[in-house]
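Visitor: A single structure is presented below for examination.
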Amino acid sequence: MHGSDLRVNELRDKLKTLPHDEALHLIEDEIVRHAATVMQTDPERVERDAALDQMGVDSLMAMELLAIVREQFQCRISPMELMKTSRTLLISTSAKTERCARASPGAVVGR
């Protein structure tokens with residue numbers, strides 16, 4: 001098992017045990033952490049209320065972030081859903097991702 005596979009499985013297992021609100025917070029934190037990595041900044045500098053494009057994320061950076069999020073959470077999130085992410089949509093995306101993370105690996109979950 002690869003290190004990234006282990007991380008995905010550990011996160012999936014942890015999400016299954018957390019209450020809904022805590023799971024959403026964990027997912028949001030993970031998405032922000034990945035966004036910071038792609039943007040080459042600290043997670044504290046990622047504005048959780050701003051859309052990614054407002055923070056200078058271009059389409060290539062968005063695709064990199066999308067690939068990371070899809071791999072970690074093992075579910076499909078559309079590029080448009082990710083690019084127009086604001087606090088409200090990030091929580092919506094997080095909820096969708098939480099359902100994916102609680103489902104079987106590779107599951108496709110609708111809104």
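Visitor: What's the local net charge at M83, with K and R +1, D and E -1, over the other residues with C-beta under 13 Å away?
Guide: Details: positive: K84; negative: D53, D58, E64, E81.
Neighbourhood net charge equals -3.
Visitor: Something else now. Can you tally the net charge around A51? Count Lys and Arg as +1, Asp and Glu as -1, for every other residue whose Cβ sits under 10 Å from the Cβ of A51. Can you show the working numbers first?
Guide: Numbers: positive: K84, R87; negative: E47, D49, D53.
Computed value for this residue: -1.
Visitor: I'd like to compare 21-29, 55-63, 92-100, 68-76: which one has the highest average count of other Cβ atoms within 10 Å, and what's the full order after that?
Guide: Going by the mean number of other Cβ atoms within 10 Å, highest first, we get 92-100, 68-76, 21-29, 55-63.
None of the figures in this text is laboratory data; all of them are computed from the coordinates on show. The shown structure was predicted, so the numbers you read here are calculated from the model rather than taken from an experiment. Neighbour counts are summed over all protein chains in view; Cβ atoms, including those assigned to glycine, are modelled from backbone coordinates with ideal geometry.
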